[in-house]
Amino acid sequence: DLDIDTLHGYNRPRSRSDRYGSVLRLHNTLTKTAQTVQPSRGRRVGMYTCGPTVYRDAHIGNLRSYLMADWIRRALVQQGVEIDHVKNVTDVGHMRQEVLERGEDKVVAAAIAEGKSPAQIARFYTDRFLEDERKLNISRAQHIPKATDHISEMLEIVESLVDKGYAYEVEGNVYFGVSQFSDYGKLSGNIQEEELLEAVRVEADPLKRDPRDFTLWKRAEPGRELKWPSPWGDGFPGWHIECSAMSIKYL
């Protein structure tokens, strides 16, 4: 949440001292309070915002999120803060093969429908997304990393989590063990076990030790095009690990 006082008189020309005296307050989801943004590196702020999954054109509801991030960025710039902005592109298909065949893996299903490779689909809709942002005058992020270019960084994190006992491997799949992390649920507020329900988009995974656990790396089934080698065999990353890897690398 952006404190409305921050944007009061936004279009009024400001002196350098006036800009530095401005205050931006954001709602901190972790503490559930509004807090003043205070750069930890002089006048520089690292900013990571989740970008598009590139399998079709963005609609106005999608673009609202990117506009909100741009307003926050511009408010900081108006205060004289330098922004190092990272916005990822998700260009990986994530679903298992039997789900893919039902047309539910968005990136790959779009490629099949249009007779193109997943890479061609991702590149096409990435360009379309960047053009949409240009039309809306959304500031271009300094870094726009693609998930498929950062598989090695994702694998490094997954291996580390396994080594530390926070994740476990079953038949080529690697899961994050929720019960092994005492602070799990602190951000969302879903701390009680009965409040953490397994996702219902696909059937329950019988390989999990706990239905709340989530997938970090998935084993590739026969016929899968998007897959990479790993210590647990050929596979592909789960949703949760991508932004972790890219935010750590660039920020």
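Just give me the residues in the stretch 204-224 being outside any loop (DSSP other than H, G, I, E, B) and farther than 18 Å from TYR166 by Cα, in sequence order. I'd like the intermediate steps shown before the answer.
Here is the first cut: in the stretch 204-224, the ones outside any loop (DSSP other than H, G, I, E, B) are 214-219.
Answer for the stretch 204-224, where residues must be outside any loop (DSSP other than H, G, I, E, B) and farther than 18 Å from TYR166 by Cα: just ARG219.
Under the condition of being within 17 Å of MET68 (Cβ to Cβ) and not in a helix (DSSP H, G or I), the residues counted in the stretch 111-141 number 6.
Within the stretch 56-95, restricting attention to residues that are in a strand (DSSP E or B) and of a type in the set (D, E, K, R), which residue is nearest to THR215 (Cα to Cα)? It would help to see each step written out before you state the result.
Of the residues in the stretch 56-95, the ones in a strand (DSSP E or B) are 82-87, 89-90.
Now drop any that are not of a type in the set (D, E, K, R), which leaves 82, 84, 87.
Details: GLU82: 36, ASP84: 30, LYS87: 23 Å.
This residue is LYS87.
If the condition is being open to solvent by 10 Å² or more (accessible area, probe 1.4 Å) and not basic (Lys, Arg), then the stretch 152-166 contributes SER152, GLU153, LEU155, GLU156, ILE157, GLU159, SER160, LEU161, VAL162, ASP163, GLY165, TYR166. Taking the stretch 30-55 as the range and being over 25 Å from ARG134 (Cβ atoms) and part of a loop (DSSP other than H, G, I, E, B) as the test, the residues that pass are LEU30, THR31, LYS32, VAL37, GLN38, PRO39, SER40, GLY42, ARG43. Within the stretch 230-251, restricting attention to residues that are open to solvent by 40 Å² or more (accessible area, probe 1.4 Å) and touching a Leu at 6+ places or on another chain (Cβ under 9 Å), the residue that is modelled with the lowest pLDDT is HIS240. Residue-level check: of (1) at pLDDT 70 or above; (2) small (Gly, Ala, Ser); (3) open to solvent by less than 50 Å² (accessible area, probe 1.4 Å), GLY9 misses just (1).
Check ARG140, ARG128 and return the single one that is open to solvent by 30 Å² or more (accessible area, probe 1.4 Å) and touching a residue at least 24 places away in the same chain (Cβ under 8 Å).
After applying the criteria, what remains is ARG128.
Restricting attention to the stretch 33-87, which residues are of a type outside the set (Ser, Thr, Tyr) and in contact with an Asp or Glu (Cβ under 8 Å, 6 or more places away or on another chain)? Once the filter is applied, which keeps residues that are of a type outside the set (Ser, Thr, Tyr) and in contact with an Asp or Glu (Cβ under 8 Å, 6 or more places away or on another chain), the stretch 33-87 yields ALA34, ARG43, ARG44, VAL45, GLY46, MET47, VAL54, ASP57, ALA58, LEU63. Suppose we keep only residues that are among the polar types (S, T, N, Q) and within 18 Å of GLY238 (Cα to Cα) within the stretch 165-217. Which one would you say is modelled with the highest pLDDT? In this case the residue turns out to be ASN173.
Quick grid of which residues meet (1) more than 30 Å from LYS146 (Cβ to Cβ); (2) open to solvent by less than 60 Å² (accessible area, probe 1.4 Å); (3) among the hydroxyl-bearing types (Ser, Thr, Tyr):
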position: VAL23; (1), (2), (3): yes, no, no
position: LEU26; (1), (2), (3): no, yes, no
position: VAL37; (1), (2), (3): no, yes, no
position: ARG43; (1), (2), (3): no, no, no
position: SER65; (1), (2), (3): no, no, yes
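The values are calculated or read from the model by the stated rules, or taken from the named source; none is laboratory data. Predicted model only: the values in this text are computed from it and were never measured. Quick reminder, even Gly has a Cβ in these numbers, built from the backbone with ideal geometry, and neighbours come from all protein chains shown. What goes into the accessible areas is simple: the full protein's heavy atoms, side chains included, and nothing from ligands, DNA or RNA. Shrake-Rupley method; radii C 1.70, N 1.55, O 1.52, S 1.80 Å.
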